[in-house]
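Take a look at the structure below.
The values are calculated or read from the model by the stated rules, or taken from the named source; none is laboratory data. All values derive from a computational prediction rather than experimental measurement. No Cβ is skipped: glycine too gets one built from the backbone with ideal geometry, and neighbour counts run over all protein chains shown.
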Amino acid sequence: MTAYRNLCPSQQPLAQLLYHTIKQSKLSLQTIVQKMGYQPKNVLQACDRLRHVIGSDYLGLDNSYYDFRFSSLEFLQALFKALNIQPEQYQDELNKLQNHLQSKQQAIKNTPSYLLRADIDFDFSNSANNWLTKMGVAKFYQLTLPDDFAYLDKLQQENMITSCIQQHYQQYKDNLPYHGIIKGYRLIIDDNKQKEVIKYSV
């Protein structure tokens, strides 16, 4: 079976270049990764990595797949070399991709994290094993915010918080173990420099 039949390339230009070069070469994935320097015992894992890289929008440079032989960039460089693809065919596009990925990672790093928690008083005085009991009620404290919460505007965020609090309160106000009483809620905002706490009453 030829290698290209096992590949599903992303639309990334370098992924397309790699895919079509492999298709034209008619080399098997096993042959390619062995040319890259992988030992026979590691060939299957290396083939999986090759499939992942060509199917990735970032060619695996986001460290979404790794092994102990090559870093993400080293893997690509070895792959280009094994396929006789010259630097002038890929270097500019590779630099653009790395810069874009770095900007994206920096933006994620600068995006605040949000944690919405309930303030609950439990009566553990009659508990036989206090620390196990506290672990058992941990699920009642945290409320789930949507993954894109940080990217909503302020009004949308406030509406989402209000909705989450109302749902949580209605579900648990009379239904908590150990005589639990909900005293209020806190939104904890961490921007990697400092934490801000906003309190909500019930």
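Would you check if Ala107 is without any contact (Cβ under 8 Å) to a residue 40 or more places away in the chain and under 24 Å from Lys193 (Cα atoms)?
So Ala107 passes the test.
When you look at Ser25, is it of a type in the set (Ser, Thr, Tyr), touching an Asp or Glu at 6+ places or on another chain (Cβ under 9 Å) and free of Cβ contacts under 8 Å to residues at least 60 places away in the same chain, yes or no?
It is false that Ser25 is of a type in the set (Ser, Thr, Tyr), touching an Asp or Glu at 6+ places or on another chain (Cβ under 9 Å) and free of Cβ contacts under 8 Å to residues at least 60 places away in the same chain.
Going through the range 92-146 one residue at a time, which ones are loosely packed, with under 14 Cβ neighbours inside 10 Å, more than 23 Å from Gln156 (Cα to Cα) and of a type in the set (Ser, Thr, Tyr)?
Within the range 92-146, Ser103, Ser125 meet the criteria.
Out of the helices (runs of 4 or more DSSP H) lying entirely within the range 87-202, which hold 2 or more residues that are of a type in the set (Lys, Arg)? So that I can check it myself, show each step before the final result.
Working: elements: 87-109, 130-136, 154-172.
Once the helices (runs of 4 or more DSSP H) in the range 87-202 are filtered for at least 2 residues that are of a type in the set (Lys, Arg), what remains is 87-109.
The rows are residues; the columns are (1) in the same structural domain as Leu73 (by TED's automatic domain parsing); (2) of a type in the set (A, V, I, L, M, F, W, C); (3) in contact with a strand residue (DSSP E or B) (Cβ under 6 Å, 6 or more places away or on another chain).
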| position | (1), (2), (3) |
| --- | --- |
| Glu93 | yes, no, no |
| Ala118 | no, yes, yes |
| Asp123 | no, no, no |
| Ser127 | no, no, no |
| Lys134 | no, no, no |
| Asp148 | no, no, no |
| Leu152 | no, yes, no |
| Thr162 | no, no, no |
| Gln166 | no, no, no |
